[in-house]
Every structure is written in C-alpha cells, then in structure tokens.
Amino acid sequence: MWELRSASFWRAIFAEFFATLFYVFFGLGSSLRWAPGPLHVLQVALAFGLALATLVQTVGHISGAHVNPAVTFAFLVGSQMSLLRAFCYIAAQLLGAVAGAAVLYSVTPPAVRGNLALNTLHAGVSVGQATTVEIFLTLQFVLCIFATYDERRNGRMGSVALAVGFSLTLGHLFGMYYTGAGMNPARSFAPAILTRNFSNHWVYWVGPIIGGGLGSLLYDFLLFPRLKSVSERLSILKGARPSDSNGQPEGTGEPVELKTQAL
Amino acid sequence: MWELRSIAFSRAVLAEFLATLLFVFFGLGSALQWASSPPSVLQIAVAFGLGIGILVQALGHVSGAHINPAVTVACLVGCHVSFLRAAFYVAAQLLGAVAGAAILHEITPVEIRGDLAVNALHNNATAGQAVTVELFLTMQLVLCIFASTDERRGDNLGSPALSIGFSVTLGHLLGIYFTGCSMNPARSLAPAVVTGKFDDHWVFWIGPLVGAIIGSLLYNYLLFPSAKSLQERLAVLKGLEPDTDWEEREVRRRQSVELHSPQSLPRGSKA
C-alpha cells in the first residue's frame, strides 16, 4: 500500500473529486430548463464537452482527469492503474458528482430546478435499445481517450483536452435524443440521488461500463496492443511500487500516473 | 522599481488595455439584442470564448493576456506577478473595458443599445446564489489558465489559447442564465459605467475575485504546488530586479506568467 503514503496519490484523488464536482455542476446546470420550449441540444452538448475539455486541461497532468467511473474502469481493464487507485477514483468521482449536483441545486431558483437534468429514457426507447446506445456512446469516448492519452504516440497530436471534450460533445449530440446521454455513471447518479428517482438507473451503469470495457479491450489488445506480460499487468493492478533503481524522488511522477497522464 | 524602466513592461500594460478593449467591444457587441435576429445563448457564449481565445493567441506572449482583473489577482496570489505589475494591469483592464464599451455605445443605433448587455440577476436568482455561481465560473477559468500556461508541464498542452477560450465559453453557457455571466469585473464595470446601471454590481466583483483567489490557491498550493521558497515568492511580489544568479528563475517566472509558445509541443519535450 505504498500509494496511500504518496502525496501525489492523494492530490490525484482530490483532483478527481474536484473535477467531477465541476463537471456535474456545469453540465447539469446548462441542461436545466431555463427557458420554455425544447432544450438546445447543441448548446448542452457543447457545455458538457467544453466542461470536460477544460477539466482535462486543468487536472489531466495531476490525476489523468478521468472524471468518469466508466473511464476509470476502462483503464483498470487495460491494466494501467491499480485496483486501489481505481476504487479511490470512483469513490471520489461519485462523491464529487453528488456534491456538484447539491451545489447546483442550492444555487438554482426553485422554478428552474425541474428534475435537475436527470437522465431518462426517451418515450418509446426500450431499456435494451437504451443500453445499446449507452454502450456505443461510451465506446467511442473511451477509444478517443485511450488514443489521445497513449504515451507511445510520438507525433504532434494537437490538443488532448479538446479531442476528449469534443468526443463527449459528439456522444451528447446523438445520445441526448435517446437517453439524455449518460456516458458517465457519476453524472447519472448525482441527480438521481438528489431527486430520489432511480427509474431505469441501471441502464446508465451497465451501458457505460460495458462500453468502457469494450473500448479498452479494443484499443489495448486489438487495435494498438501493449506488449506487457501477465506478471507485469498483475503488478500494476496490485499497485506494486515501481522499481526506483534510478532513485527518482517521490512525487515527481510514478509510472502508473505517467501512463494515465501522458497528455 | 526596475519594471517601470522596462519597455517590455510598458508594452505589456498597453497590451492589457488593448486586449480588454477588444474583448469588451466584441463580447458586449455580440450580446446586443438586434430586432432582426436576437443572438442565442450559444452564440454569445462562443463569441466571448473566441474573443478571449484569439486575444490570448495574439497577445499572450506580450503580457500574458489576462484581460481580467480576477485573473491578475489570481496571478498575484500565486506569486507570478509583482504588486506593481498587478496594479498597472488592473488599471489598464478597467480603462480598456470602459473604452471598449464607450466605443460600442457610440457606434450602435440608439434603439439597439438597450442596457449594453450589462450584468444583472436573472431568473429570480438571489444575490447569494449569483455570487456562488460567479465564484464557480471564475474558479474553473483560473484553474484552466494556470494549467494551460504552466511551464513545468512536460506533457502536451495542445493550444492554451483554445483551451482558455473554451473555458470562457463554458462559463457563459451556464452563467448567462444566472447573471448574464461576468467572470470578469472589467467586463461588468464597463457597461455599468456607460449606462449608469449599478444594481447588484458588487456581485460581479466579489464572486469573480473570490473564485479567482480560491482557484489560484487550489492550483498553486494544493493540486500542483511549486517548490519556490518564501524568499523567492517575496522577490517576485516586490518586483525585485533579477540579478545574474536568478537568470534562470527569471526566465521560468516570465514563462509561467506569459505563454512561452501557444503552439503544440512535440510529445515529451520541455518548453
């Protein structure tokens, strides 16, 4: 459990909490019914995408800026972080999301709150269809994240933050019509907690997690495989301390973080 | 007071004046209610964001392109600029903003001017709620600015100008509904001065300034703390002239305030 004694580990956890708080606050806030009439899908999609882009830019170098339990799960499946770290990230994300929704709830006039942009299935969309949509939304999102975060790519890649953000915007442009575009269990969990409405809530966990896992398997094992041995993968998952034969000082960057922070 | 004798300092202050003038001119201009085609929230948000993004690209290497008293205060709290520089920047920003609003006021038809997009509370939001929202809006902007211009980062920064611009767009996508979205005391002061409407004006100073300070403390002292000693921080704040021993530090300090290179960096290379 060397990670628990590392200052950068706790900074990363805090960064995930903080980033998810902001993500939910801005994303849900821009999705509320401020004016009568239909929701502006492009506007909301851009708000979510730009929120994530800003947060990737802001804390990407500190924690990897997952801001999403499905993304953390994907990195876990890809053996790029330890179980302990993944667990702590997800806990921080869920807490941060609920905190963000609570702040939004308290600053929003009662007439506008509505259901706090709760994810719901569009009329006529079955749970099977919705789950499939959520899988595809998160699959493309995770593929984009893995590709842009991949430290093995050496070319000029433009802006990692914008690529990830716009991938999320894409998901929302399509998914909002079907499911409200969850793509992120923490985002769906937060308003559900505050409004105590969990109808079909499982769709927003099963879909993104399957999508995230598939994206990870596709990229890391099929499209651009990493040549790691089983023992190497297991040691990463266990959170084994990286060999410091070069005497690298604590807190200046561990290999586990470098893999997720190679922005 | 070596900075006062520096040409680069004068150019930086002038750049802040010009940048804020242009920002307010285009930003407020995009928010005016033209009868033939009123702008949507998305349009206004993108206009403000692109305004900042383009000005950061154009003037970031000259002055750091703060364009915002709250950002300057954040840099002061983070010990990135001296008190003197901060004071001159804020003065230039406020003057530039008022100049921009005045120009816009003069060139706009009387029936279109309205209240010149002055910030005010909307949708029955209370002052407390508005301050809280402004705080969050500005905090995320400040965090994004520090992260985008941090010379200690060896990873791919992408385009800092675009990231910062989109951070402003993000703030507007939410903030417009609450307050018309300030995030910037100079932007709020400008139309208030020109139109004489100062209702709840304090909200647009307290919210952004508190948010900026918290953002600065979070980034510079908690999330990604630097290893500067107290003596080094005080030297920056006093604006002491760097001696030969501090040559390297001076370069690093300047880079942290001003964008060294807004273009993408090859992966793994240090700026």
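The values are calculated or read from the model by the stated rules, or taken from the named source; none is laboratory data. As the structure is a computational prediction, the values presented were derived from the model and not from experiment. Here the Cβ is made from the backbone with ideal geometry for all residues, glycine too, and neighbour counts use every protein chain on show.
In the range B:113-138, how many residues are more than 8 Å from chain A (Cβ to nearest Cβ), outside any loop (DSSP other than H, G, I, E, B) and within 17 Å of the chain's Cα centre (by Cα)? So the answer is 4. Contact annotation: residue pairs with Cβ atoms under 8 Å, 6 or more positions apart or on different chains, pairing a residue in the range A:45-70 that is hydrophobic (A, V, I, L, M, F, W, C) with a partner that is surrounded by fewer than 24 Cβ atoms within 10 Å (Cβ to Cβ) and not in a helix (DSSP H, G or I), are A:62/B:224.
When A:26, A:73 are screened for being of a type in the set (Phe, Trp, Tyr), touching a residue at least 24 places away in the same chain (Cβ under 8 Å), in a helix (DSSP H, G or I) and within 30 Å of residue B:122 (Cα to Cα), only A:26 passes. Every condition in (1) at pLDDT 95 or above; (2) within 22 Å of residue B:149 (Cα to Cα) is met by residue B:24 except one, and the failing one is (2). Summed over the range A:97-149, the residues that are touching a helix residue (DSSP H, G or I) at 6+ places or on another chain (Cβ under 6 Å), among the small types (Gly, Ala, Ser) and within 14 Å of another protein chain (Cβ to nearest Cβ) give a count of 4.
Summed over the range A:11-22, residues that are more than 10 Å from every other protein chain (Cβ to nearest Cβ) and surrounded by fewer than 24 Cβ atoms within 10 Å (Cβ to Cβ) total 2.
Considering the range A:55-74, the residues that are out of contact with any Gly (no Cβ under 7 Å at 6 or more places or on another chain), of a type outside the set (Val, Ile, Thr) and more than 7 Å from every other protein chain (Cβ to nearest Cβ) include one that is farthest from residue A:141 (Cα to Cα), namely A:63.
Among the residues here, residue B:213 qualifies as more than 11 Å from chain A (Cβ to nearest Cβ) and among the hydrophobic types (A, V, I, L, M, F, W, C). Note on the range A:23-54: residues that are more than 8 Å from chain B (Cβ to nearest Cβ) and small (Gly, Ala, Ser) total 6.
Residue B:183 meets the conditions (1) of a type in the set (A, V, I, L, M, F, W, C); (2) more than 8 Å from every other protein chain (Cβ to nearest Cβ); (3) part of a helix (DSSP H, G or I) in every case but one. The failed one is (3). Candidates are the residues of the range B:198-237 that are more than 19 Å from residue B:145 (Cβ to Cβ), of a type in the set (D, E, K, R) and assigned to a loop (DSSP other than H, G, I, E, B); the one that is modelled with the highest pLDDT is B:200.
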